[in-house]
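Following: one structure in structure tokens, then a few remarks.
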């Protein structure tokens with residue numbers, strides 16, 4: 001699932017605690033059926049050359065008989081799209097602590113320059129959305145909530161990318177669609 005949507009630019013109404021928990025839960029669910037061993041810690045304190053940092057989430061993926069990939073996850077709940085400066089600050093934490101990769105998750109999306117810069121540095125940018133936005137009805141007035149039997153998740157994450165044509169695209173990352181995220185996490189970039 002790829003595309004570009006105004007929905008990913010809207011801020012979601014969510015408390016800071018619920019936002020962090022939802023974002024990290026969606027990431028964990030995407031790995032629930034993977035063959036790699038994964039350990040996930042929330043709010044981990046990590047020591048770097050510049051001091052100690054509290055990282056929202058740290059994924060440790062074990063591969064190849066014990067090799068470990070360390071991925072930092074930061075959740076940013078802001079009322080406007082995040083800019084390049086947020087990505088630069090996150091990159092500094094990743095490098096200072098020796099992590100391999102990072103995923104920056106926003107509640108209101110990213111400016112295109114931030115996505116481009118992040119991709120050039122091997123950092124994934126993602127936006128959390130209300131999973132019920134996947135449910136659409138046609139008619140007069142507001143759409144009703146999806147029926148519970150439909151199985152729509154409460155929250156979903158869309159990972160951004162720069163397309164071959166220079167535009168910004170996205171792909172859904174959840175338990176039902178983990179492939180693009182998993183491919184990025186296990187790649188060398």
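The values are calculated or read from the model by the stated rules, or taken from the named source; none is laboratory data. None of these values were measured; they are calculated from a predicted model. So basically every Cβ, Gly included, is an ideal-geometry build from the backbone, and we count neighbours across all protein chains shown.
General observations
- Answer residue from region 44-69, given it is surrounded by 11 or more Cβ atoms within 10 Å (Cβ to Cβ) and out of contact with any strand residue (DSSP E or B) (no Cβ under 6 Å at 6 or more places or on another chain) and is modelled with the lowest pLDDT among those: 63
- Residues of region 77-124 that are surrounded by fewer than 23 Cβ atoms within 10 Å (Cβ to Cβ) and assigned to a strand (DSSP E or B): 101, 123.
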